[in-house]
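Below is one structure; the comments refer to it alone.
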């Protein structure tokens, strides 16, 4: 079994609402293992995205610990968190969130430049290569509004991995895509995982969940179930679907 | 009622914009009210002071030898003359204030009842009545304090052939006619018994033009005389020739003009600047409205969907901005009250009259009303796009911004990430920043123009090129002309000690030119005259005039003119145009041959402009060693100490710093407003940048760099505008002080100081305004 890359202990997140407090995450304990494709599922409002943002340091937890390489993300200052984002973590958003006035190539390259670990020309070459891998070389000089949603999401994936993150977070990466684009994006992520990329994804899409090597189920801010799966194989997708569906039914999904 | 509800909501929601417009309008109304009030107050105070002093329409100084009873009687009998008054005076040209020689000629007169106002010792007000003067005391005018830096209690010394006199400055009185720093002679007052002693002791010397007893003649025109002071003077002189016998004369209009000259110039520049500021407010408003319409497209669509007509929405905009302007105008007008006292005081050392502190509410209100009317027009123009807002498009989100490729777009570079990203943020949304660039260019133009004006006053070569005679070494004989031998000796001593750029033997006198009294310069070597066109007056029937005089009298090169002086009257031909700042540019010049034709002979002043000012002391010492000890020798490496315009540098500096200060405040408001709009529009992008690892500090830096780019472009345009127009604008404005060909000297600090100020302010204020970046949470990107 691979080692833990990220652990959460007693993690809580509350929001002020109508003069009171809404507890979205309630004392969550969780380990994310290296090289796993971990998928968190749950009903709408179960706190999936909140968990993802708390674990990635994009949002501060109300209490508890999120440990990464011996350091607690909850206690980190803005500068340390920014460094974490530009070196160790990658993030894919549901709405892609590309920078509107940069070309696709620039959108991918900028985090690489910021990372400062490689020379500018090396970063640019890697960005070009990633866009090629993602199959969007033709549109690399286009700005986001000039390309399709699928192309935007592929660009967002390339941007998230340009600096070779230790852990890639994905928040409903297929949520805004059509069927064809969804499959292509999931294939790309599966390939990344096969090549050793640790991924933590939240989704409510069964097709996305099928790609997981580990499934977690969240309900009312608590992880209430876990399932481990063998690496994804397209040939066995049908039986995998049956297996996952059965597990989800047991979770009352 | 629905409009009022929306108005309240809009102001509350966009209070930054509202406060920004209020602040800009405070500055504009305060500036306009202050400048117009000060302009009016100074002119009014001068008029009142002249009235109180019963100033004559025509004044002249005539040495006693030349003023005959018949001549005086002929003036008294002139049908246009109401009455004539005279005053005995001693002309004194050699006086030392705090042991430093004052270069102006002084008319010493006994203290009389005409003097009705005396300054407190710190010049902050007037005493209730004029204090009696002691036999050892002297009363001066404030213009002397400005030029020589003296104060009550200081000693001053006169040197005459009869000996030395030391008197103590016991006070400063108001002498509206010649008390200002801009007039080349001054009236000073002593006790009657002191005057009698001084007058008796003053020798009748070999050159009565230089020192001795004089009579000041005051000529008052009849109440029914409708001629201007100038026409009155010309008529009197034509009929009596009295001015031909005077060594100096002036009309009341001229003296008022000299007294008010500099405050008029400064106020004109300030009014120009105030107009620019008002224009900036209108531009900012138009820009703000345009951006607001783009940003609030959905809200506007909803309003339309709810039944609001485009007219009602436009009225909402008009009310919102007009309210901010009115609030700002009221506060600004109130704040102008202390500013009027402060700013009006700047001119007192020059005018030597305490300016009134009245608020010119009438002019101010008219101007503010004009601004408000223009605002309404601008708002209506800027809101015409509201007609095109489609409720359907707004509600379906079809109005999203699309960025287009532009020839200005440059790739984002890894080597220069911050700068290239900032440039991209600018180039992909440049329309939004055109306003800031335009405003920067205008501010830079003004800052440079006022800087050029200031730096030209500190630049010897610039002043010389514009016609000022600036010589580090000056020699004057005591109450007589140079001899031929002395002139040769002086030249050889100076040339032996230093490289000389220019040296002149010179004298000056008022003569009449076609009936007008004009300041005439006589040059031993006319080739030294600073010619603009034509040629120097070589022959005995040639003279040159300035283009200011040419325009004023309708003359040109080649014209024949009549020059009169005492019993001489000769015809001359204008051989060219020269430039000179003497007598505010209303001057003419001729050579030795021409001078002799009208009875002028000999020279009383030598000046040498050295290639290296540092040699002045060496040359001075050598001259003192070798020349007759009675020769007056001045050697000063600091040319500003001998400049005839040093008294106005304080006011120029005040103007410069005011324009700097207002520019900085305007930059602050403009940057804050544009930054705030950009921030709102780019909030999502800021979240993304944070998500990929940018810190708030880095993002603020990107904002600041973007505004630095704007400032660089704006400044560059401002510099080009200044190269093209500053000299022309200053020539037009400074024509009244004799500068018709302003020569811009762009020195490093002339350009660098405003550039650094503007660039620094843009960078700093944008960095501060972008502090809200800290509040952008990446969580805002989440869709649950």
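Odds and ends about this structure:
- Pairs of alpha carbons in chain B separated by more than 46 Å make up 37% of all such pairs.
- Against chain B, whose longest principal axis comes from its Cα atoms, helix B:2-13 is set at around 80 degrees.
- Scaled against 2.2 N^0.38 Å for its residue count N, the alpha carbon radius of gyration of segment B:58-257 is 1.04.
- Between helix B:616-626 and chain B: long-axis angle, C-alpha atoms, 0 to 90°, nearest 10: 0 degrees
- Cα-based equivalent ellipsoid, segment A:63-209: semi-axes from gyration tensor eigenvalues, Å: 24, 20, 13
- Extension reserve of the residue B:567-residue B:82 stretch, reckoned as 0.36 nm per residue once the Cα distance is removed: 172.0 nm
- Chain A, relative contact order [Cα under 8 Å, separation at least 6], %: 26 percent
- Per-selection Kirkwood Rh - segment B:549-672 (Cα, Å, 1 d.p.): 19.7 Å
- Relative contact order computed over chain B (Cα-Cα under 8 Å; 6+ residues apart), in percent: 16 percent
- A helix-only calculation puts chain B at -17000 deg cm²/dmol for mean residue ellipticity at 222 nm, using -39500 (n - 2.57) for each DSSP H run of at least four residues, averaged over all residues.
- Alpha carbon Rg of segment B:57-141, scaled by the compact-globule rule 2.2 N^0.38 Å: 1.41
- Shape of segment A:1-101, Cα gyration tensor, a/c cut at 1.5: rounded
- Within segment B:269-330, all pairs of alpha-carbon atoms sorted by distance into 5 Å bins from zero give the percentages 4, 14, 19, 23, 15, 10, 8, 4, 2, 1, 0.
- Rg over Rh for segment B:249-384 works out to 1.18, using Cα positions for both radii and the Kirkwood form for Rh.
- Chain B: angle of helix B:15-52 to the longest principal axis, Cα-based, in degrees nearest 10: 20 degrees
- Whether the protein assembly as shown is rounded, prolate or oblate, judged on the alpha carbon gyration tensor where a/c under 1.5 counts as rounded: prolate
- Average projected area [Cα convex hull, chain A], square nanometres: 14.2 nm²
- Tail fraction, Cα-Cα pairs, segment A:207-253, threshold 15 Å, whole percent: 40 percent
- For segment B:464-644: Kirkwood Rh in Å [reciprocal of mean 1/r, alpha carbons]: 16.8 Å
- Note on segment B:1-69 and segment B:105-136: Cα centroid distance 30 Å, given to the nearest whole angstrom.
- Ordering B:705-718, B:592-605 by mean Cβ neighbour count within 10 Å, with the highest value first, yields B:705-718, B:592-605.
- Alpha-carbon Rg/Rh ratio, for segment B:26-173, with Rh computed the Kirkwood way: 1.04
- When you restrict to C-alpha pairs under 8 Å that are six or more residues apart and normalise by the size of segment B:153-300, the relative contact order lands at 19 percent.
Read-outs: derived from the displayed coordinates by stated rules, not from any lab. Model, not experiment: these values are computed from the prediction. For neighbour counting, all protein chains shown are included, and Cβ atoms are generated from backbone atoms with ideal geometry for every residue, glycine included.
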